[in-house]
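Let me begin by presenting the structure, written as structure tokens, before commenting on it.
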Amino acid sequence: MDRTSIYDELSRIERDVVAGERQLAEQERLVLDLKRERQNTSGAERELERLREAQRMRDQDRQRLLSLLQP
């Protein structure tokens, strides 16, 4: 993989990380709202955990790409 390709992929991952952070915040807010309303949160909490795992994977991809750019 050449440096240009790495930078292109890193740029894409960075956008995905930002979008993922936004999704996590929205889902966390939903869980809190449901709890406040004394509603069932199990589905929302499962989705929150799925989003957290996806974010961990994006973070790992970002770190992998950054390591490829190291001299």
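A short reminder: the numbers here are calculations on the coordinates, not readings from a lab. Source: prediction; values computed, not measured. Here the Cβ positions follow ideal geometry from the backbone for every residue, glycine too, while neighbour counts run over all protein chains shown.
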If R0 is 22 Å, what FRET efficiency do you get for Met57 and Ser11 from their C-beta distance, rounded to 0.05?
-> 0.80
Which one of Gly43, Leu65, Gln23 has its Cα pushed farthest toward the positive end of the charge dipole of the chain, where Lys and Arg give +1 and Asp and Glu give -1 at the Cβ?
-> Gly43
Counting Lys and Arg as +1 and Asp and Glu as -1, each charge on the Cβ, what is the dipole of region 8-71 about the Cα centre in debye, to the nearest 20?
-> 160
Among Leu48, Leu24, Leu32, residue whose mean-square fluctuation peaks in a GNM of the chain (springs only between Cα atoms under 10 Å) | Leu32
Please identify, among Arg12, Arg52, Arg36, the residue showing maximal mean-square fluctuation in a Gaussian network model of the chain using a 10 angstrom Cα cutoff.
-> Arg36
On a 0 to 90° scale, report how tilted helix 42-68 is relative to the longest principal axis of the chain, with both axes built from alpha carbons and the result rounded to the nearest 10.
-> 10
With Cα coordinates, the longest principal axis of the chain makes an angle with the long axis of helix 3-36, in degrees rounded to 10, of 10
